[in-house]
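Okay, structure first, notes after.
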Amino acid sequence: MHLPFAALEVGQQLYWQLGNLRLHGQVFLSSWVVIGALLALVVVGTRSLERDPRGVQNLLEFIWVYIRDLAREQIGEKVYRDWLPFIGTLFLFIFVSNWGGALIPWKLIHLPHGELGAPTADINTTIALALLVSLSYFYAGLSRKGFRYFEYYVEPTPIMLPFKIIEDFTKPLSLSFRLFGNILADELVVGVLAFLVPLIVPLPAMFLGLFTSAIQALIFATLAANYIGEAVHEEHH
Amino acid sequence: MTSWLLLAEAGATAGSPEGGLFDLDATLPLMAVQVVLLTFILNTLFFRPVGRVVEDREGYINTSRAEAKQKLAQAQRLEADLKEQLKEARVASQKLIQEAEQDADKLYRQALAVATAEAIASREQARREIDTQRESALTQLRADADKLGDLIVDRLLAAK
């Protein structure tokens, strides 16, 4: 037969009942681990902030500068500051989720139903994130430009109107499915390879998975920042 | 565990009565709320304090660099000033030395002139004294000779 770690379950959920709401328990459990790890890192790193950085502060500052540059480049000098925490949280949450899903040996923990993994391998999580991005760019555009925001739909010509409206639906759709598909596919590939050949062979796929995970986090954060930047962009006539 | 790699519906039927890959439920809004909360927490714990530290440092470096540039410019200006002063002082000292040399020369010449004049004067006086003494000696001698001659004449005349 096969090793106990090498089993695969797809579409199995650990259901929690909250009132008359149903939740995917395994997603929340792993997301709490991810959030806990993030908060632990942040709390340890910011315990004593100094002008001459030491230890974890260096890492945190590197992350901060990386996210700042990303947000500034995509959103623009004027408003990137308001959206930096949101973009940064998206990036960190997705990145740590993806890497956590790949690096933490979740299979050692047995659940009655379903299995633990990256929270981003669940469609609920990615749609939640993508909808947050949609809300954010609407809010960013409306709060910055008022109803002039809707001029964006008819620029440069009114012919663009239907396409721009369709874009509002395709943006969250592509954001969520890209992330979900990539992470789930990575987990499946590694799982299948580990199921077939438990030793050595899955390693290249695992490395590729780590690479994909990082790239997906970067893509999601960059696109989110880009959409917000598009919404707050001022046309100069 | 034979149900690996089955599609959503198959997975759903194999496990619990519901489920599947695209099983949307209350996980979605709760996850959204969770992420929004995480955004606020990370903003307070991470983005704001670290941002402040990084930007403070950037500001500190910028102002330090500007200050250093200013100080360098000031130092260069001071150096130029001092060089100018040094040049002027050299010229002034050169002039002073020249003047002092000229003064010394003049004094030497004056002293020489005075000394020469004195020497000439005293020689003149000496000569004059010698002349008067010679004059008086000659007069005396002439008188004595006259007296002697008279005496000789008297004696010779008396003997005859």
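Quick notes on this one:
- With Cα atoms, 0 to 90° folded angle of helix B:48-159 axis to chain B main axis: 0 degrees
- Taken residue by residue and averaged, Cβ atoms of other chains lying within 10 Å of the Cβ of B:49-62 number 4.
- Environment charge at B:Ala137 (Cβ cut-off 14 Å; Lys +1, Arg +1, Asp -1, Glu -1): -2
- Shape analysis of chain B yields a ratio of the Cα radius of gyration to the Kirkwood radius, Rg/Rh, of 2.08.
- When peptides A:96-103, A:216-223 are ranked by their average number of other Cβ atoms within 10 Å per residue, the highest-first order is A:96-103, A:216-223.
- Span-like helix criteria (full DSSP H runs; alpha carbon extent of at least 18 Å along the helix axis; mean Kyte-Doolittle hydropathy of at least 1.0) are satisfied in chain A by A:25-45, A:161-196, A:202-232.
- Neighbouring Cβ atoms from other chains, within 10 Å of the Cβ of residues in A:83-92, number 5 on average.
- Here the protein assembly as shown is assigned +1 on the Cβ of each Lys and Arg and -1 on the Cβ of each Asp and Glu. Its dipole about the Cα centre then comes out at about 940 debye.
- Think of it as helices only: each DSSP H run of n ≥ 4 in chain B is worth -39500 (n - 2.57), and spread over all residues that comes to -31500 deg cm²/dmol at 222 nm.
- When the C-alpha to C-alpha distance is required to be over 32 Å, the pairs from A:Lys78/A:Lys171; B:Lys83/B:Lys106; A:Lys145/B:Lys69 that qualify are B:Lys83/B:Lys106; A:Lys145/B:Lys69.
- Taking Cα centre as origin and charging only the Cβ of basic (Lys, Arg, +1) and acidic (Asp, Glu, -1) residues, the dipole magnitude of the range B:8-159 rounds to 640 debye.
- Counts of other chain beta carbons within 10 angstrom of each beta carbon in peptide A:48-56 average 2.
- Taking the Cα centre of the range A:1-122 as origin and assigning +1 to Lys and Arg Cβ atoms and -1 to Asp and Glu Cβ atoms, the resulting dipole is close to 180 debye.
- Oblate is the label for the range A:37-127. Its Cα gyration tensor axes, ordered a ≥ b ≥ c, give a/c of at least 1.5 and b/c at or above a/b.
- Counting Lys and Arg as +1 and Asp and Glu as -1 over every other residue whose Cβ lies under 13 Å from the Cβ of B:Gln94, the net charge comes to 0.
- Taking a Cβ cut-off of under 13 Å around B:Asp154, the surrounding Lys, Arg, Asp and Glu residues balance to a net charge of +1, with basic ones at +1 and acidic ones at -1.
A short reminder: the numbers here are calculations on the coordinates, not readings from a lab. No experiment lies behind these values; they were computed from the predicted model shown. Cβ atoms come from the backbone with ideal geometry, glycine included; neighbour counts cover every protein chain shown.
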